[in-house]
1. If you add up the charges near Gly176, with Lys and Arg at +1 and Asp and Glu at -1, over every other residue whose beta carbon is less than 12 angstrom from its beta carbon, what do you get?
2. HN-Hα J couplings of the range 185-190 from phi, Karplus 6.51/-1.76/1.60, θ = phi - 60°, integer Hz, Gly and Pro as x?
3. Based on DSSP H assignment, which helices of the chain show an axial Cα extent of at least 18 Å together with a mean Kyte-Doolittle hydropathy greater than or equal to -0.5?
4. Given only helices, namely DSSP H runs of n ≥ 4 each adding -39500 (n - 2.57), what is the per-residue ellipticity at 222 nm of the chain, to the nearest 500 deg cm²/dmol?
5. Carbon-plus-sulfur fraction of the accessible area of the chain, 1.4 Å probe, in percent?
6. Provide the per residue accessible area, probe 1.4 Å, for the range 204-250, rounded to a whole number of square angstrom.
7. Rounded to the nearest 0.05, what FRET efficiency do Tyr108 and Lys174 have when you use their Cβ-Cβ distance and R0 = 30 Å?
8. First measure r as the distance between the Cβ atoms of Ala213 and Ala247, then evaluate 1/(1 + (r/R0)^6) with R0 = 25 Å and state the FRET efficiency to the nearest 0.05.
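The values are calculated or read from the model by the stated rules, or taken from the named source; none is laboratory data. Values in this document were obtained by computation on a predicted structure and should not be read as measured data. Note that each Cβ is placed from the backbone with ideal geometry, even for glycine, and that neighbours are counted across all protein chains shown. Just the protein is used for accessible areas: all its heavy atoms, side chains included, with ligands, DNA and RNA removed. Shrake-Rupley method; radii C 1.70, N 1.55, O 1.52, S 1.80 Å.
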Amino acid sequence: MSEEPVSTGLLSERVEDIEIHLLLEGLYRRYHYDFRNYAQASIKRRLRQAREQLGYRSISALQHDVLHDPDMLPRLLSYLTVQVSEVFRDPSYFKAIREKVIPHLRTYPSLRIWIAGCSTGEELYSFVILFREEGLEQRTLFYATDINQDALAKAEAGIYDLDRFQLFTENHRKSGGKSSLSDYYTAAYGKGAFDKSLRNRVVFSDHSLVTDAVFAEMHLISCRNVLIYFDRPLQDRAVGLFKDSLARKGFLGLGSKESLRFSQHTASFSELAPGDKIYQRLDR
Ligand SMILES: C[S@@+](CC[C@H](N)C(=O)[O-])C[C@H]1O[C@@H](n2cnc3c(N)ncnc32)[C@H](O)[C@@H]1O
């Protein structure tokens with residue numbers, strides 16, 4: 001018989017790993033939410049947090065309730081998906097879109113833009129405002145997708161705490177904004193609500209980069225701060241999806257900590273604005 005040291009730390013660690021594996025498998029088989037290939041350290045941290053804050057003794061106990069009670073699903077998803085965002089987040093990214101991508105997009109009679117992993121909508125509103133300022137909104141359809149339904153509902157409402165608008169306004173200005181951000185929202189009762197007209201040309205949709213397929217040909221895909229949560233093979237799957245979805249010479253924008261450098265699809269793209277993580281699909 002092999003001698004297993006009864007080092008409790010090590011032992012309980014292993015049980016937790018098994019529980020996490022089983023919970024992720026269960027989530028997939030019961031609800032088709034697939035977190036099995038997300039970056040493990042971050043998933044583990046988030047599940048521990050969910051277990052503690054939702055008051056469960058173990059991950060298995062949490063798993064029991066999630067599998068038996070669909071109402072628990074959104075609560076767990078709020079831990080498993082990170083919803084940090086900002087209007088005109090990383091202004092230099094939007095400046096580069098304005099200066100380096102828009103001149104190409106102007107040459108198309110109609111445009112399709114996909115904001116993948118749009119979260120609560122801040123990135124989407126940044127794009128619609130930018131396209132309006134550049135005179136392209138009316139010929140563009142914006143697709144805003146995410147797996148988190150609560151986040152999508154917030155994106156569709158377009159209402160944010162008013163104290164965030166100071167930062168949004170500053171970001172917009174730094175991104176080369178051609179008007180005042182206050183032209184696009186109204187303030188009341190501590191909230192700022194983006195003008196409904198900004199949603200005229202937006203399609204909101206539940207779409208997973210892990211389990212779903214391509215749904216239209218796009219001229220620009222912006223997928224920022226989503227790939228960081230995926231392991232390498234899953235990042236390759238998502239970038240493969242973007243590659244297949246992009247029109248000839250279409251554009252792909254990633255987050256500041258993301259890149260195509262180690263992707264199996266690197267050869268299909270050229271770097272248009274390397275510092276701002278903007279790539280262009282090479283000819284097929
Ligand atoms: C940190 S937020 C990024 C928000 C926004 N793109 C930005 O950069 O400001 C990450 C988003 O990715 C979404 N997400 C996670 N897994 C996803 C998947 N498999 N498919 C689509 N979106 C996903 C989360 O629900 C969350 O809204």
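1. Working: positive: Lys95, Arg98, Lys100, Arg173, Lys174, Lys178; negative: Glu99, Glu133, Glu134.
Net of charged neighbours comes to +3.
2. For the range 185-190, the Karplus-derived couplings read 9, 10, 10, 6, 6, x Hz, x marking Gly and Pro.
3. Values: long enough: 8-31 (33 Å, -0.13); 40-53 (19 Å, -1.77); 232-245 (20 Å, -0.70).
Those that clear 18 Å and a mean of -0.5 are 8-31.
4. Numbers: 10 runs with 112 residues, N = 284.
Roughly -12000 deg cm²/dmol at 222 nm, from the helical runs in the chain.
5. Values: 6980 of 13900 Å².
After summing per-atom areas, the C and S share lands at 50 percent.
6. Values: 1690 Å² over 47 residues.
Using a 1.4 Å probe on heavy atoms only, each residue of the range 204-250 averages 36 Å².
7. Details: r = 27 Å, r/R0 = 0.91.
The pair Tyr108/Lys174 has a calculated efficiency of 0.65.
8. Computed FRET efficiency for Ala213 and Ala247 comes out at 0.90.
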